[in-house]
Amino acid sequence: MNDTFYLKTGDTDPAMLYDLPPGIDLTGATAVVFNMRLRGTATAKISKAAATIVSASGPATLRYDWAPGDVDTNGDFEAEFEVTRADGSIATFPNFGFIDVQIWGDIA
């Protein structure tokens, strides 16, 4: 599983792609959002930002496209995706721990 994602400050490419564990099917899901906060803080830097389902099954893959304000601060962040299923239930991925996002400063 891809639980660490690296960027340089200000880079909005590549988008974050997150593969879910085998056997998870998101067919019929109605929404997906992305959340991220600086590790050790309670305030979200990104809160419920729209994300997309790239593939609903085999394996299911989620995607978040970075906005410039998302990546303007270097540091160690923790992130997650929240998926709303057709019945209204919410599943958070990863469901144990977080995706580690490392944003590094540029040289120049």
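When segment 95-104 is examined, which residues are found to be at pLDDT 95 or above, open to solvent by less than 70 Å² (accessible area, probe 1.4 Å) and either over 14 Å from the mean Cα position of the chain (by Cα) or not charged (D, E, K, R) (or both)? Walk me through how you get there before you give the answer.
Residues of segment 95-104 that are at pLDDT 95 or above, as a first pass: 98-104.
Within this subset, residues satisfying the condition of being open to solvent by less than 70 Å² (accessible area, probe 1.4 Å) are 99-103.
Scanning segment 95-104 gives 99, 101, 102, 103.
Select from segment 19-74 the residues that are under 20 Å from residue 6 (Cβ atoms), part of a strand (DSSP E or B) and of a type in the set (Ser, Thr, Tyr) and list them in ascending order.
Matches in segment 19-74: 61, 64.
In the list 89, 55, which residue meets the criterion of being under 16 Å from the mean Cα position of the chain (by Cα) and open to solvent by 20 Å² or more (accessible area, probe 1.4 Å)?
Result: 55 is the single residue among 89, 55 that is under 16 Å from the mean Cα position of the chain (by Cα) and open to solvent by 20 Å² or more (accessible area, probe 1.4 Å).
Which of the residues that make up segment 6-18 are open to solvent by less than 50 Å² (accessible area, probe 1.4 Å) and assigned to a strand (DSSP E or B)?
7, 16, 18
The values are calculated or read from the model by the stated rules, or taken from the named source; none is laboratory data. The structure presented is a predicted model; accordingly, all values stated were derived computationally and were not measured. Cβ atoms come from the backbone with ideal geometry, glycine included; neighbour counts cover every protein chain shown. All accessible areas refer to the heavy atoms of the entire protein, side chains included, with ligands and DNA or RNA removed. Shrake-Rupley method; radii C 1.70, N 1.55, O 1.52, S 1.80 Å.
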